[in-house]
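First comes the structure, then the notes that go with it.
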Amino acid sequence: MATPRTFISYLRVSTARQGRSGLGIEAQQAAIGAFLRPGDHLLTPPYVEVESGRKEDRPELAKALARCRATGATLLIAKLDRLARDAHFLLGLQKSGVEFIACDLPNANRLTIGILAMVAEEEARAISARTKAALAAAKARGKVLGGVRPGQRVLTAEDSKRGAEAGVAVRQRNADHAAHRVLPRIEALRAEGGTLASIAASLAAEGIPTPRGGAGWTATAVRRVLLRVGTGAA
């Protein structure tokens, strides 16, 4: 009989819309479920990142790696192919000291991931070189690049408004992260017939933080999570 393994899952979707719909997350969870063997232990909650693949800041990945180091668990990723050109991500895994498995590339490990990172860096260098060459060719044709152009628009009150809206979007994204992290556990408790109040008590007893980072789970807090991800209240 194979030795049971302990995992912590890391899921990532590229847009807030995709994250709220659960489409990308559900597919990744299905891949992880299919990968697990009987007796394997998947710690909850999963770590869900709703981020653009171009962003280097991955706070949920950092949390997942920290928990893996604390528990000795292996990081489990549903798909590495979408991230295989992200050198920052790959090198972060290699240097983290945490073992990981990608369901779609199970033979990759902390040793081979360095090779993938080198390929990613070379591809990024090639893209940069092609971009510079294209800009140089455009400049040679007389096209004005950069600088202050005649008639250039200055910042307006509308720009300030857009900046404020961007701040709201960031807070919305963070709230999405928190809701999706705890959703699988809430859904499991609902499937067992739990009420909003009993689910809140279970989450508090398990030490799972609320979306605001506290420990004071209430029926109202559980309802807000369900409404945020569009699954409805219990």
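Out of the residues in region 172-208 meeting the condition of being outside any helix (DSSP H, G or I) and touching a residue at least 12 places away in the same chain (Cβ under 8 Å), tell me which one is surrounded by the most Cβ atoms within 10 Å (Cβ to Cβ).
Here is the first cut: in region 172-208, the ones outside any helix (DSSP H, G or I) are 192-195, 206-208.
Filter once more, so that each one left must be touching a residue at least 12 places away in the same chain (Cβ under 8 Å): 194-195, 206, 208.
Working: Gly194: 18, Thr195: 13, Glu206: 12, Ile208: 16.
Among those that are outside any helix (DSSP H, G or I) and touching a residue at least 12 places away in the same chain (Cβ under 8 Å), it is Gly194.
Is at least one residue of region 47-69 of a type outside the set (Asp, Glu), over 22 Å from Asp176 (Cβ atoms) and either in a helix (DSSP H, G or I) or at pLDDT below 90 (or both)? Spell out the reasoning first.
Step one: of region 47-69, the residues of a type outside the set (Asp, Glu) are 47-48, 50, 52-55, 58-59, 61-69.
So of that shortlist, the ones also over 22 Å from Asp176 (Cβ atoms) come out as 68-69.
After this cut, where a residue has to be either in a helix (DSSP H, G or I) or at pLDDT below 90 (or both) as well, the list is 68-69.
So far as region 47-69 goes, yes, one or more of its residues are of a type outside the set (Asp, Glu), over 22 Å from Asp176 (Cβ atoms) and either in a helix (DSSP H, G or I) or at pLDDT below 90 (or both).
If Pro211 meets every condition in (1) part of a helix (DSSP H, G or I); (2) at pLDDT below 80 apart from one, which number is that one?
Status for Pro211: all satisfied but (1).
Give the residues of region 73-108 that are modelled with pLDDT of 80 or more and among the aliphatic types (A, V, I, L, M), sorted by residue number.
Passing the criteria: Ala73, Leu75, Leu76, Ile77, Ala78, Val98, Ile101, Ala102.
Going through region 225-234 one residue at a time, which ones are modelled with pLDDT of 80 or more and surrounded by 15 or more Cβ atoms within 10 Å (Cβ to Cβ)? Break it down into steps so the answer makes sense when it comes.
Here is the first cut: in region 225-234, the ones modelled with pLDDT of 80 or more are 225-227.
Result: Val225, Leu226.
On the given criteria, is Gly151 at pLDDT below 70 and either acidic (Asp, Glu) or part of a loop (DSSP other than H, G, I, E, B) (or both)?
Working: at pLDDT below 70: yes; either acidic (Asp, Glu) or part of a loop (DSSP other than H, G, I, E, B) (or both): yes.
In short, yes.
The values are calculated or read from the model by the stated rules, or taken from the named source; none is laboratory data. This one's a predicted model, so the numbers in the text were calculated from it and none came from an experiment. Glycine also receives a Cβ, built like all others from the backbone with ideal geometry; neighbour counts cover every protein chain displayed.
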